1. Name the lysines eligible as straight-distance cross-link partners of B:Lys102: C-alpha to C-alpha under 25 Å, and not fewer than 8 places from it in the same chain.
2. Calculate one ³J(HN,Hα) per residue across segment B:459-475 by plugging θ = phi - 60° into the Karplus curve 6.51 cos²θ - 1.76 cosθ + 1.60, and present them in order as whole Hz with x for glycine and proline.
3. Along the Cα-to-Cβ line of B:Arg472, 7 Å from the Cα, sits a label point; which residues in segment B:414-436 have backbone N less than 17 Å from it?
4. So, with +1 on the Cβ of K and R and -1 on the Cβ of D and E, and no other charges, what is the size of the charge dipole of segment B:177-289 about its Cα centre, to the nearest 20 debye?
5. Long-range amide H contacts for A:Tyr34: which residues qualify at under 5 Å (H placed 1.01 Å from N, peptide plane, sequence gap of 5 or more or a different chain)?
6. If the only charges are +1 at each Lys and Arg Cβ and -1 at each Asp and Glu Cβ, what is the size of the charge dipole of segment A:37-81 around the Cα centre, to the nearest 20 debye?
7. What residues have an amide H closer than 5 Å to that of A:Trp316, excluding those fewer than 5 places away on the same chain, when H is modeled at 1.01 Å from N in the peptide plane?
8. Helix-derived [θ] at 222 nm for the protein assembly as shown: sum -39500 (n - 2.57) over DSSP H runs of at least 4, divide by residue count, nearest 500?
Amino acid sequence: MLTTTIRRLCCLLLLLLFTPTALQAQVDPIYQEYRSQLEMEYFLPFIAYDGSFYVATYGKMSSILRDQELQFVLLASGEEVVNFALGYTWHAPYWSYGLNLYQMPIYTGPMWSAGFWELQKGVSLLASRHFNNEKRLDLRLQFEDFSPLSLPRFPVEKASILGFEATATHDNFSFLAQDGHREYFSLGGAFPLLGADFKYLKAEVDHRNYFSLGRSSLVLSARGGKIWGDYPVQRGFALGGIQQVSMSSLGTLTNAGILGTLADTVLRGYSEYRFFGDGFLLSNIELRLLAWPSSYQKIRGTAFTLLAFSDAAWVWKGSSQQTSSPSIGVGVGFKFYFFGLNLGLDYGIPLNTPGEFPKWHFSIGEVF
Amino acid sequence: MAKKHRFYILRLLLFFFILTLAYPSYSAVELSNTGGEFRFGKVKAPPRPLQWKVLTTPHFEIFFYQGMEELSQRSRIILEEEAFDRVFSDFRDLYTLTPYRKIRVILFASRKEYQNSQASGLSLSDSSEGVAHILINRLVVIGQPTFRDLRGVLTHEITHLITLGPFKGDLLSSMTQGAPGWIAEGLAEYYMPAETRFPQREVALRDVVLSEEVDALEQISQVRGNLHYAEAWSLTDYIANKYGQAQLSQMLKAVIKEGYKDQTFKRLFNRSLKELWTDWRQELTSIYQEGAEFPSYTQLSSPLFAEYRDQTMVKTTKEGQIFFLSSHQGRFYDLYLAEGEKVKRLTEQTVSAFDLSPDGQQLIFLSDQDGERKLYLLSLESGAVTPFAPEVTNPVEVAWSPQGDRLAVTANRKGDADLFVVGLDGKILSVIADSPADETSPAWAPDGQWVAFVSTLQGYDQIHLGNGKTTRLLTRQALHHRKPAWSKDGKLYCLTGEKGYYRLAEVDLNNGQTSFRWDYRETVLEMLPQEDEAFLVVLYNAGRSEIYRFQR
């Protein structure tokens, strides 16, 4: 009897011991929640030493889903010159946020022409709301201190700026169909807080329409901008030649569309930086003919386009008009499309501005 | 002085360093990427918030989000029980010094979410089904509409990581130029189960073999489309067959360590690269001979809409309107309506399948615009789009019954494609087929009594008939039978063939025997019977898929 009882107790004990384990095995969470954390992705060092350290490094950390990213650049020679940039991005549902810290010598202007050299130090906060693939709202708050470097062709002030900008963008242009339109409206400004030197308000608008005519396409563009108040001269509007802010200058993104900067402008037939001002209107008409291949749909890496254009611009500085009424350039050119990269060469003839002569203009990337 | 020179040299180096960084990111300074860096350009916009989870297995970490629990389990089975052993066993030697690290697999429910993820790192117009990031041991994959496709894509992508992963130290330190594209992609395609390779790739290969335009190795290594994938696979397959499968691992290792040069291949195979290519090219001619004797239809006729690329899924109304999908805008796909010469776009969102109501007043289409695959009704009169939510989730195909009262919906509810009949109120009326295999391509018989569909049997796609009560296997020949379609007078047609050559054929409803109705050399990708033995056919020719009118 006792033995039986002991056996039963043992069985019960075994049951108690093993049952939870068996149950546990069944209810164990098979899945775990994903918690985003940064891991090192790349680190590319270049370090030399000859009594002093010379360093050029690039590193990137990211989370597995890349919902967080941290990138950094360090460029240093000895203790005297230490330049760096650090950027952190967080992609949340619908919104992306960015933080940048930097101290870097920056060139603004076409690589093949003279522009501005300046040392920029600053911090920027960014937020982007993506409504869909074609519409977004970008917000920016930025503090920047800048000073001239070496011998610039154009004067750069030494000052600081605290600014904001809000830009609404719509882009449904299809390269393959050569159809759609692109437009943005931007409102920004600067305030003399935290020791910053400027106070102004800036508005920019840009609208481009693309019409497919089979093998040909017609592009109409209208752009304008106005700054009210005191602004740094190198952040005003500049027209003349092909000013590809977003393509040709390393410093674009510290000031791309921010704090009153140079908008992308195309006024062919005129020298780079021919007109400076605090207000401008610009219109472009360009007729393109795809010479090879026979259709945009057949492009498999390379293409060749011929074009004819007419550009017209008005630039004001205060109440003084800098251009003729308007300054017009006409001409022809071609574009070579090479695996996503557009290389362009245009020949522009200025029509009604004394002292200007026909010019060639080279461009990289989608001018408009 | 020397130090000053070094200083200037360093500054020059730094300048080019910045330039290098600046070119791809367009900035050396602003390194956070919110998507709003550029004035213009389309941005990634996730269609809904995702709650991510991770499933850990012995060799993988599988990341997925809400609604993909079943898919993650099917992926686990594919990866652990099939794909890993298939690939790893041949490349085990590469892991003697480098330990195997768990591969991270990130699954997305739809193309829309995949393209809009930062994880894929791809552009919005990218049309890949998955991407492997060798250096960080991660792959990102779209949850495929069918189990077969999922097997193929997962196997393809983990092959990249298993084969190239051990060499990432070499790749990072730039000690090697790495493996050329044809070897990297050839291996990935080779290890996919044969039935999971996208059929259109071999179609493209056959096309260039017949036109004697097989790419050189340098072109294949660009891997810019179906053709290059097929060529890479075919050459790898040739090497494995002729020199032994074990040589693939040796070839990869030798190319990365010793360099991609004639000497390496001479040592391995006693053939230079050119000789290897020539041997393979000669064999191709013998493999892809079928149909070569026929005339070319594309030389006799012109495509209906030459300006529109990647045409697929053609439908017509009694009034002569033609509907089709195309990636004309760079999106996969937009829905177009052609009335005579005039073609207009009907949708502003991705469309992957559609069908017309019998009265031609509306159509139902499938889109993953909101993240998940969903059905929508489009009124052709008003243009209004309204969601249609059947009881079955994750629909992948749809066919409207000839009577207009029911829909046949292919849906992937448990990791494979099954076939249901639903009413116009969305309720399930019957289940045509829901085996663990895929059942796809539903086509209603004119009387609405039967649905023809495709399911794989012993490695070949075969046509079945089902009515919700019984299922009947129709075709049995050792060939693929795909894309069934009925004519108004009750004749059943399909596309049949193999090795990249598919022909229009009529199916005998009594014994399942097929009679060819296409005696031209081009492969037919799709067909739609019209009146009087006429058809609209989508033909593959010189890299293009275009609609032609065809009458016997």
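1. Candidates past the 8-residue exclusion: A:Lys60, B:Lys53, B:Lys168, B:Lys253, B:Lys257.
2. Values, residue by residue: x, 10, 6, 10, 8, 10, 10, x, 9, x, 10, 10, 10, 10, 6, 9, 8 Hz.
3. The answer is B:432-433.
4. With Lys and Arg at +1 and Asp and Glu at -1, about 480 debye.
5. B:Trp52, B:Lys53, B:Val54
6. With only Lys, Arg, Asp and Glu charged at Cβ, the dipole is about 140 debye.
7. A:Asp278, A:Gly279, A:Phe280, A:Gln322
8. Per the formula, -6000 deg cm²/dmol.
Each value in this text was obtained by applying a stated rule to the coordinates, not by laboratory testing. None of the values given here were measured: they were computed from a predicted structure. Note that each Cβ is placed from the backbone with ideal geometry, even for glycine, and that neighbours are counted across all protein chains shown.
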